[in-house]
Amino acid sequence: MNDRSWEDLVDLGALSSWMDGKGLGHGDLKDVEPLSGGTQNVMIAFNRAKRRYVLRRPPRHPRANGNETMRREMRVLDALAQSDVPHPPLIAACPEESVLGASFYLMEPIEGFNVTTGMPQLHAGDPNIRRKMGYALIDGLLKLGRVDYAAAGLSDFGRADGFLERQVSRWRRQLESYADYKGWPGPDALPAVEKISDWLERNRPSTFTPGVMHGDYHLANVMYRLDGPDLAAIVDWELATIGDPLLDLGWVLSTWPRPEDKTSMKIEPWEGFPSSDELLSAYAAETDREVSNMPWYLVLACFKLGILLEGTYARACAGKAAEDIGARFHARTLALLERAHKHIA
């Protein structure tokens with residue numbers, strides 16, 4: 001908790017004045033501390049008038065659309081307030097950039113833990129609880145897929161029409177945009193991108209049922225309750241949109257830890273968690289969506305996630321992200337693209 005790198009990104013005096021105007025307590029901001037758990041956005045926790053807050057804002061070197069992404073997060077959290085989807089409750093949002101030099105929002109702290117940083121004894125000591133934790137991840141995804149996005153005010157949150165048709169070209173453009181980062185070796189250094197792109201275009205499902213997508217749904221982006229196997233909250237909503245929720249399921253399957261893959265997430269202890277096939281069966285049993293095309297969604301998820309992770313590597317090449325994190329993400333990109341290529345070979 002000695003990291004003070006957030007101090008010039010969060011002007012506590014300006015924040016305090018803004019909170020005064022919103023009627024959010026009074027007095028000094030106390031017990032301020034940075035929160036870990038992500039590599040992109042800045043989060044700090046603090047107390048004011050006997051209430052705990054968590055602030056989230058873009059990083060020091062945001063992407064070009066970093067503030068708009070933050071505004072989208074605010075909107076989707078607000079829209080989910082009346083749903084049964086576990087999420088961090090939104091307290092107040094500041095879409096303007098004038099207060100802290102960036103958009104930001106305040107949310108309630110979550111009482112829970114993330115499995116990538118370790119488990120409490122209750123969970124670590126019982127494989128049956130860990131099995132239920134795997135299925136709880138699927139239950140959260142099912143709840144999100146059932147949200148009536150029109151009734152929640154999200155009809156214009158994304159373009160469902162042509163969503164699948166846009167995916168390959170959208171993420172190829174993203175990959176090519178990394179050329180703006182000096183030092184990045186370029187897309188030619190990534191294997192099988194052309195083959196994977198062509199396969200995805202040729203085998204694209206013809207129809208889907210639109211819904212709210214998280215966009216980056218996996219074990220690292222959920223928090224579990226301290227008293228059992230259920231989800232406390234789904235976090236990091238920066239890629240949320242209206243699209244095909246089956247891509248979120250593909251994301252789960254593509255990121256599900258595999259002992260033979262040294263670049264995948266390491267969750268310990270792992271014994272007890274369901275297999276990826278069991279997760280797919282659990283989802284299929286509770287949804288009206290057609291899951292017969294899941295191999296396509298799995299390949300797309302590997303392709304898209306690999307490109308997203310490569311972005312951090314490109315930023316690291318340009319000195320705008322930590323070098324060790326960039327190298328780790330690049331290794332993961334190579335593994336994901338290799339896995340996608342094996343599926344289509």
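Might you check whether a residue that is under 20 Å from Leu24 (Cβ atoms) and of a type in the set (A, V, I, L, M, F, W, C) occurs anywhere in the range 82-89? Looking through the range 82-89, none of the residues is under 20 Å from Leu24 (Cβ atoms) and of a type in the set (A, V, I, L, M, F, W, C).
Only one of the numbered conditions (1) assigned to a loop (DSSP other than H, G, I, E, B); (2) touching a Gly at 6+ places or on another chain (Cβ under 9 Å); (3) of a type outside the set (Phe, Trp, Tyr); (4) closer than 23 Å to Leu253 by Cα is violated by Val212, and that is (1). Just one of the listed residues (Ala79, Ala102) is aliphatic (A, V, I, L, M) and part of a helix (DSSP H, G or I), namely Ala79. State whether the residues of the range 241-253 include one that is within 30 Å of Met133 (Cβ to Cβ) and either charged (D, E, K, R) or without any contact (Cβ under 8 Å) to a residue 40 or more places away in the chain (or both). Checked the range 241-253: at least one residue is within 30 Å of Met133 (Cβ to Cβ) and either charged (D, E, K, R) or without any contact (Cβ under 8 Å) to a residue 40 or more places away in the chain (or both). Cβ separations smaller than 6 Å between residues 6+ apart or across chains give the following pairs from the range 125-150 residues that are on the phi < 0 side of the Ramachandran plot to residues that are buried (at least 22 other Cβ atoms within 10 Å of the Cβ) and part of a helix (DSSP H, G or I): Ile129/His123; Ile138/Tyr283; Leu141/Asp248.
For the range 210-253, a tally of residues being in contact with a Lys or Arg (Cβ under 7 Å, 6 or more places away or on another chain) and polar (S, T, N, Q) returns 0. Here Ala284, Ala314, Ala327, Ala335 are screened, and the one residue that is on the phi < 0 side of the Ramachandran plot, without any contact (Cβ under 8 Å) to a residue 12 or more places away in the chain and assigned by TED's automatic domain parsing to the domain that holds Ile196 is Ala284. Restrict the check to the range 114-128 and report whether at least one residue is more than 30 Å from Ala331 (Cβ to Cβ) and either buried (at least 20 other Cβ atoms within 10 Å of the Cβ) or touching a helix residue (DSSP H, G or I) at 6+ places or on another chain (Cβ under 6 Å) (or both). No, the range 114-128 contains no residue that is more than 30 Å from Ala331 (Cβ to Cβ) and either buried (at least 20 other Cβ atoms within 10 Å of the Cβ) or touching a helix residue (DSSP H, G or I) at 6+ places or on another chain (Cβ under 6 Å) (or both).
Regarding the range 22-41, can at least one residue be identified that is surrounded by 12 or more Cβ atoms within 10 Å (Cβ to Cβ), over 23 Å from Ile242 (Cα atoms) and among the basic types (Lys, Arg)? Looking for residues that are surrounded by 12 or more Cβ atoms within 10 Å (Cβ to Cβ), over 23 Å from Ile242 (Cα atoms) and among the basic types (Lys, Arg), one finds at least one in the range 22-41, hence yes.
Can you confirm whether Ala79 is more than 30 Å from Met265 (Cα to Cα) and modelled with pLDDT of 95 or more? Yes; evaluated as a whole, the condition is true for this residue.
The residues of the range 280-330 that are at pLDDT 95 or above, assigned to a helix (DSSP H, G or I) and among the β-branched types (Val, Ile, Thr), listed by number, are Val299, Ile307. For the range 83-101, a tally of residues being surrounded by 21 or more Cβ atoms within 10 Å (Cβ to Cβ) and at pLDDT below 95 returns 0.
Residues are listed down the side, and each one gets a yes or a no for (1) outside any helix (DSSP H, G or I); (2) within 18 Å of Pro88 (Cβ to Cβ):
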{"residue": "Glu7", "(1), (2)": "yes, no"}
{"residue": "Ala14", "(1), (2)": "no, no"}
{"residue": "Leu24", "(1), (2)": "yes, yes"}
{"residue": "Gly27", "(1), (2)": "yes, no"}
{"residue": "Met43", "(1), (2)": "yes, yes"}
{"residue": "Tyr53", "(1), (2)": "yes, yes"}
{"residue": "Pro59", "(1), (2)": "yes, no"}
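Number of residues in the range 296-320 that are surrounded by 22 or more Cβ atoms within 10 Å (Cβ to Cβ) and either in contact with a Cys (Cβ under 8 Å, 6 or more places away or on another chain) or farther than 30 Å from Ser206 by Cα (or both) equals 5.
Within the range 256-275, not a single residue is out of contact with any Lys or Arg (no Cβ under 7 Å at 6 or more places or on another chain), farther than 23 Å from Ala327 by Cα, assigned by TED's automatic domain parsing to the domain that holds Gly153 and outside any loop (DSSP other than H, G, I, E, B).
Report the residue count in the range 186-206 for those that are in a loop (DSSP other than H, G, I, E, B) and either outside the structural domain of Leu141 (by TED's automatic domain parsing) or modelled with pLDDT of 95 or more (or both).
Selection size over the range 186-206: 3.
Residues that are farther than 28 Å from Asn41 by Cβ and under 24 Å from the mean Cα position of the chain (by Cα) were ranked within the range 206-226; the one that is surrounded by the most Cβ atoms within 10 Å (Cβ to Cβ) is Phe208.
The values are calculated or read from the model by the stated rules, or taken from the named source; none is laboratory data. Please read all numbers here as calculations on a predicted model, not as lab measurements. Methodologically, a virtual Cβ is constructed for each residue, glycine included, from the backbone with ideal geometry; neighbour enumeration extends over all protein chains shown.
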